[in-house]
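The structure appears right after this line, and notes come after that.
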Amino acid sequence: MLPIARKAKIKEYLLEKKNATVAELRDMFQVTEETIRRDLKQLESEGFLTRIYGGAYILEGVQNDVDVNLREHIHVEGKRKIARACVEYIQHGDSIFLDASTTSLFIAKMLGSRRITVVTNSIKITNALVENPNVHLVVIGGSISTRSMSALGRNAEQNMNRYYFDKAFISCRSVSMQQGITDSNEQQAEIRRLAIERANQVYLVADITKFNRASFASIAGFEKINAVVVDEHPGDEWRTFLEELGVELVVCGESGLRDAQGD
């Protein structure tokens with residue numbers, strides 16, 4: 001296959017799937033990984049996709065559900081900043097819910113010696129915390145999604161209804177003033193909605209790339225959220241919007257937390 005035809009096929013595949021690994025494209029086209037990396041680099045220079053470690057993704061599409069193994073390499077420093085801010089809200093004795101997001105995985109890895117209960121549907125978070133002697137770990141069971149490495153579906157939703165949380169840390173695919181908090185996966189959205197309903201305090205963790213977009217499935221409106229934790233300031237319009245709803249905006253600075261005004 002000529003390079004121009006192969007790149008056209010890669011475009012078609014990404015438009016449908018929204019993300020791909022170098023390995024799967026290598027196998028699909030029976031070429032070397034170096035050839036695929038070169039194709040992806042050229043497509044990135046055209047503005048079509050964003051390359052990350054091990055693959056590439058595109059942001060367009062309301063059902064853009066990126067594989068968790070690729071998401072771990074997207075906007076990493078921003079997610080670390082958000083996680084560092086979130087752990088400051090977690091106290092000894094808390095019962096918290098961590099969703100199946102890569103930001104929540106960073107939170108799990110930063111819990112340290114806090115003596116808490118963690119409820120999660122994430123296999124990656126389970127693996128990160130299973131040997132932590134200070135954490136009472138409760139794993140939500142259900143049908144396992146290999147794409148998100150999490151338990152989803154009816155059984156997972158029924159299991160969620162057994163618990164209440166002091167604090168829930170919820171991510172999403174997109175955040176919009178008009179459409180609210182949305183996700184690309186209906187089942188993931190339902191787990192997050194249930195966590196919000198069953199928590200005393202809810203922290204929406206969303207890096208700046210998720211703002212002013214909408215995805216396929218609704219999670220909740222902002223009236224259900226206590227605080228939005230973001231790595232970069234989303235702008236004065238967002239600050240005013242959240243203030244009017246009584247939602248705290250937490251912007252993470254390089255040296256710690258700062259408020260919406262940057263103090």
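Here's how it looks for Val138: its modeled amide H is under 5 Å from those of Val118, Val119, Thr120, which are all 5 or more places away or on a different chain. With neighbours defined as other Cβ atoms within 10 Å of a residue's Cβ, the residues His75, His92 order from fewest to most as His92, His75.
Across the chain, the mean sequence separation of Cα contacts (distance under 8 Å, 6 or more residues apart), normalised by length, yields a relative contact order of 14 percent.
Can you give the convex hull volume per residue for the Cα atoms of the chain, as a whole number of Å³? Walk me through the numbers on the way to the answer.
Working: hull volume 35.2 nm³, N = 263.
Residue-normalised Cα hull volume stands at 134 Å³.
Considering just Cα atoms, how many Å³ per residue does the convex hull of the stretch 3-58 enclose? Write out the running numbers ahead of the final one.
Values: hull volume 3.7 nm³, N = 56.
Convex hull of Cα atoms, per residue: 65 Å³.
By the rule of a C-alpha distance below 25 Å, with chain neighbours fewer than 8 residues away ignored, the lysines paired with Lys9 are Lys17, Lys18, Lys41.
The longest stretch of the chain left intact once loop-based chymotrypsin sites (Phe, Trp or Tyr not before Pro) with at most 15 other Cβ atoms within 10 Å are removed from consideration, loops following DSSP, is 54-163.
For the stretch 175-190, 3J(HN,Hα) computed residue by residue from phi via the Karplus equation (6.51, -1.76, 1.60; θ = phi - 60°) reads 9, 9, 5, 7, 9, x, 9, 9, 9, 7, 10, 4, 5, 5, 4, 5 Hz, glycine and proline entered as x. Among the trypsin sites (Lys or Arg not before Pro) in the stretch 156-237, those located in a DSSP loop and surrounded by at most 10 other Cβ atoms within 10 Å of their own Cβ are Arg162. A cut-off of 5 Å between modelled amide H atoms, ignoring neighbours fewer than 5 places along the same chain, links Ala199 with Phe165. Between Leu15 and Glu223, the FRET efficiency from the beta-carbon distance, with R0 = 45 Å, is close to 0.80.
Using DSSP to define loop residues, name the GluC sites (Glu not before Pro) in the stretch 94-202 whose beta-carbon has at most 16 other beta-carbon atoms within 10 Å.
Numbers: sites: Glu131, Glu157, Glu186, Glu190, Glu197; in loops: Glu131.
Taking the stretch 94-202 and a limit of 16 other Cβ atoms within 10 Å, the loop GluC sites (Glu not before Pro) found are Glu131.
Just to be sure I understand: if I project the alpha-carbon convex hull of the stretch 110-175 onto a plane and average over all orientations, what area do I get in nm²?
Numbers: hull surface 21.3 nm².
Taking the Cα atoms of the stretch 110-175, their convex hull projects to 5.3 nm² on average.
Whole-Hz Karplus values for the stretch 234-244 come out as x, x, 5, 5, 5, 4, 5, 4, 6, 4, 5 Hz, taken residue by residue from phi with 6.51 cos²θ - 1.76 cosθ + 1.60 and θ = phi - 60°; glycine and proline positions read x.
A straight Cα-to-Cα reach below 25 Å connects Lys167 with the lysines Lys79, Lys81, Lys109, Lys124, Lys210, Lys224, residues fewer than 8 places away in its own chain not being considered. Rounded to the nearest 20, the Cβ-based charge dipole of the chain about its Cα centre (Lys and Arg +1, Asp and Glu -1) stands at 740 debye. Distances between placed amide hydrogens fall under 5 Å for Ser95 paired with Thr117, Asp166, Lys167, all partners being 5 or more residues away or on another chain. Centroid-to-centroid, using Cα positions, the stretch 73-148 and the stretch 174-246 are 19 Å apart.
Calculate the FRET efficiency for Ile4 and Thr209 from the Cβ-Cβ distance with a Förster distance of 25 Å, rounded to the nearest 0.05.
About 0.25, to the nearest 0.05.
Taking θ as phi - 60° and the Karplus parameters 6.51, -1.76 and 1.60, the scalar couplings of the stretch 38-44 work out to 5, 4, 5, 4, 5, 5, 5 Hz in sequence order, x denoting glycine and proline.
Readers should treat all values here as calculations from the given coordinates under stated rules, not as data from a laboratory. Only a predicted model underlies this, so the values are computations on that prediction, with no experimental measurement involved. Ideal geometry is used to build each Cβ from the backbone, glycine not excepted, and the neighbour counts take in all protein chains shown.
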